[in-house]
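First up is the structure itself, then whatever we jot down about it.
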Amino acid sequence: MSQALAKKTIWAAAVAFVLGIFVIFIGLPFVASTQLVRDRIAQQMTAWTGYRVSIDEAPDVHVWPTFRAVLKDVRLQGWTETSEQPVLEAEEIEVDLSALAALQGEVVFTRMRLLRPILRLNEDITASQFPSSESWGRLARSVRAAKEAVAASPETPDLSTLPSYTLGEIEFVEARILSPVEGQWVDVVSSLSGELDWPALNRAANLSARGIWHGEAVTVRANSAQPLLLVAGGNAPLALTVEASPAKISFEGTAGLSNIGVVEGQLELTAPSLNRLAEWTYGLRLPTGRIGPLALSAHLSGDASRIKLETSNLAVDASSGRGLLEVSFEADRPSVIGTLAFDVLNLRALAQALGPLKTNGSATNGGASIISGLDFDLRFSAASATFGTIPLTKVAAVAKTKGELSTFDISDAMGLGGNFQVGVRADKTAEPEQLELRLSGTDIELGQLAETFGRRNLIPQGKANLSVFLKGTGGSVENLLSTANGDVSATFGPGALPGIDLTKLLEESDRSTFIPLYANTDGSISLDSADIKATVKNGLAEISFAKVHAGEYSLTLNGLVPVAGRALALSAVLTDTTDEDLHFFVGGSWDAPFITAPLRFGPDDLAQ
């Protein structure tokens, strides 16, 4: 190319550039000065959503530094009912437009910013219940095209058939999401601000948002390589993170947002307190004391009817384990079935959370709990566990609820020097609620077990075989004990009854009418064996047989003991090797029992 020709080419390019700038600065104001901007923007928004778009005022149009239109009081409504509330409304929408497209008489969005928008949901707040675009809208047509691609090849849909409409960047500031509750619109999410970056419908999208849900600030981040397939119900990659003070949840895998809602991937969940997590998500208190923190790492798979969690790590408070959980939504009530194996397990907290008995302070708001609407069949095992202060090993437990029937069973446990089983059953079909308690133990240290339930005095220290069956009414331990009917029996081997000096008691019986049973002494009565049987009626235990052998003495007891109280009303006969019987009365309470001065009967007295 000659030098002269090169100069002409450069000059021609420069002139073309200047003319282009001239056209833009002269042409854009002309385009912006017409009503075409408002009409075309409304048309494009209608074309995308299918809703009727209304804009109250003519837009403010800015040419520099970007071609931008500012719209006031924008509403998206259906076409049939003019009186219905807008599906979406915003105080202000800023729309960045393509300058070149505008010169050609077209409106192409490159960025949209919604100021204080309000989105109204349908009755049910689920992914499928978000307001959908009208069937002829561009979004609806694109979703239909994606559904057809998925239907043609569910595993490998043809991505080349997906629409490539340009969407761009959508920013929202101080948004609100509302839902109808008893005829009133209430906030589901408030102070919602964020950004959706979706360059084209057949390309990847990223969402970043922060807002307030259930009174907590929440940050959400999500991205997908094929979001259109995701919305259409096909399987598409999805990465999702939700962060708030009560919990952090992350998921990475594949998902589909159809009615079936297939999902598979890795789930991570951490929470500083399980109680706080329940209060935040459900607005309810767990029927137990504080439990936390919680950490879960699991492979999640399933669909909207059934979800499976294969946990590689589950830590709740001081308990850690692994196993399998399956949640089903196919019946009227959701159900959870699972098997979990723990290295260490807090059995008392588990019983309070999943068991049918309520203890003091365990009532939930309005009498409901987080598990009140669930059926479950959960099986637990633990190499070691604790129940309060009692250490246990080789534990197997089952918690079940089916409708109005609920059970919690420790089917096997090694502890207290022996082996024992505990079962609790509640039947809410009856009025009042029926409760059952079963307890059996072999070679257990009864004294340690009694201390757990606040009973220490008059309890032999030593190995015992124990059997308890109680049936009562009400929903708490206190109700059960005060209304119980059933049977109690125990057989003791060699042991001791601490805090009682029998020799001293006999000496004092000659000088006083009422004698404290417990003395300030480290002495004790050595026991050879003991057998006790009692029948419980309406919360009152009637001792039908109780005999204690202690060296040269044998003791026989009869009387009444309130199961839920601490009062004593027992008659006793103490016999020694001389066959002299001492008859006395045991009264007072478990904490401070006393005996009356004994009446002495020898063989000659009995002969008379």
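The values are calculated or read from the model by the stated rules, or taken from the named source; none is laboratory data. Only a predicted model underlies this, so the values are computations on that prediction, with no experimental measurement involved. Don't worry about glycine lacking a Cβ; one is built from the backbone with ideal geometry, like all the others, and counts go over all protein chains shown.
Among the residues of the range 528-544, is any touching a Phe, Trp or Tyr at 6+ places or on another chain (Cβ under 6 Å), surrounded by 14 or more Cβ atoms within 10 Å (Cβ to Cβ), charged (D, E, K, R) and modelled with pLDDT of 80 or more?
Yes.
I'd like to check something: does the range 483-497 contain any residue that is within 33 Å of the chain's Cα centre (by Cα), crowded, with 17+ Cβ neighbours inside 10 Å and within 21 Å of I543 (Cα to Cα)?
yes
Provide a single number: the residues in the range 570-581 that are modelled with pLDDT of 80 or more and farther than 23 Å from F469 by Cβ.
Residues flagged as modelled with pLDDT of 80 or more and farther than 23 Å from F469 by Cβ within the range 570-581 amount to 5.
Here is a check on your reading of the model: is S512 modelled with pLDDT under 85 and exposed (fewer than 13 other Cβ atoms within 10 Å of the Cβ)?
Answer is yes for this residue.
Report, ordered by the first and then the second residue, all pairs with beta carbons closer than 7 Å, sequence separation of six or more or different chains, a first member in the range 36-50 that is modelled with pLDDT of 80 or more, and a second member that is buried (at least 18 other Cβ atoms within 10 Å of the Cβ) and part of a helix (DSSP H, G or I).
A47/R138; W48/R138; W48/L139; T49/L139
Which condition number does G256 fail, the rest of (1) over 30 Å from Q44 (Cα atoms); (2) of a type in the set (G, A, S); (3) crowded, with 16+ Cβ neighbours inside 10 Å being met?
Answer for G256: the failing condition is (1).
Yes/no matrix, rows are residues, columns are (1) within 21 Å of V563 (Cβ to Cβ); (2) at pLDDT below 85:
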{"site": "G418", "(1), (2)": "no, no"}
{"site": "Q421", "(1), (2)": "yes, no"}
{"site": "E431", "(1), (2)": "no, yes"}
{"site": "G441", "(1), (2)": "yes, no"}
{"site": "K471", "(1), (2)": "yes, no"}
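Please go through the range 376-400 and give me each residue that is more than 30 Å from A464 (Cα to Cα) and either in contact with a helix residue (DSSP H, G or I) (Cβ under 8 Å, 6 or more places away or on another chain) or modelled with pLDDT under 85 (or both), ordered by number.
Matches in the range 376-400: F376, L378.
Can you pull out the residues in the range 383-425 that are of a type in the set (G, A, S), crowded, with 19+ Cβ neighbours inside 10 Å and more than 22 Å from the chain's Cα centre (by Cα)?
A385, A413, G415
May I ask you to verify whether K463 is more than 15 Å from A351 (Cα to Cα) and free of Cβ contacts under 8 Å to residues at least 60 places away in the same chain?
It is true that K463 is more than 15 Å from A351 (Cα to Cα) and free of Cβ contacts under 8 Å to residues at least 60 places away in the same chain.
Sort out which residues of the range 463-491 are assigned to a strand (DSSP E or B) and more than 25 Å from N419 (Cβ to Cβ), and write them in order of number.
Listed by number, the residues that qualify are G472, T473, S476, N485.
Only one of P157, P227 is surrounded by 14 or more Cβ atoms within 10 Å (Cβ to Cβ), more than 26 Å from L121 (Cβ to Cβ) and not β-branched (V, I, T). Can you tell me which?
P157
Considering only the range 296-341, state which residues are under 20 Å from A351 (Cα atoms) and small (G, A, S).
Across the range 296-341, the qualifying residues are A315, A318, S319, S320, G321, G323, S335, G338, A341.
Given the criterion modelled with pLDDT under 75, in a helix (DSSP H, G or I) and closer than 30 Å to L481 by Cβ, identify the matching residue among G289, G361, G366, G373.
Answer to the selection: G366.
Among G194, G234, G211, which is outside any strand (DSSP E or B) and within 31 Å of the chain's Cα centre (by Cα)?
G234
Only one of these is over 20 Å from R203 (Cα atoms) and either at pLDDT below 85 or surrounded by 15 or more Cβ atoms within 10 Å (Cβ to Cβ) (or both): W136, W185. Name it.
W136
Please find, among G499, G447, G454, G475, the residue that is over 29 Å from A385 (Cα atoms) and modelled with pLDDT under 85.
Of the residues listed, the single one that is over 29 Å from A385 (Cα atoms) and modelled with pLDDT under 85 is G499.
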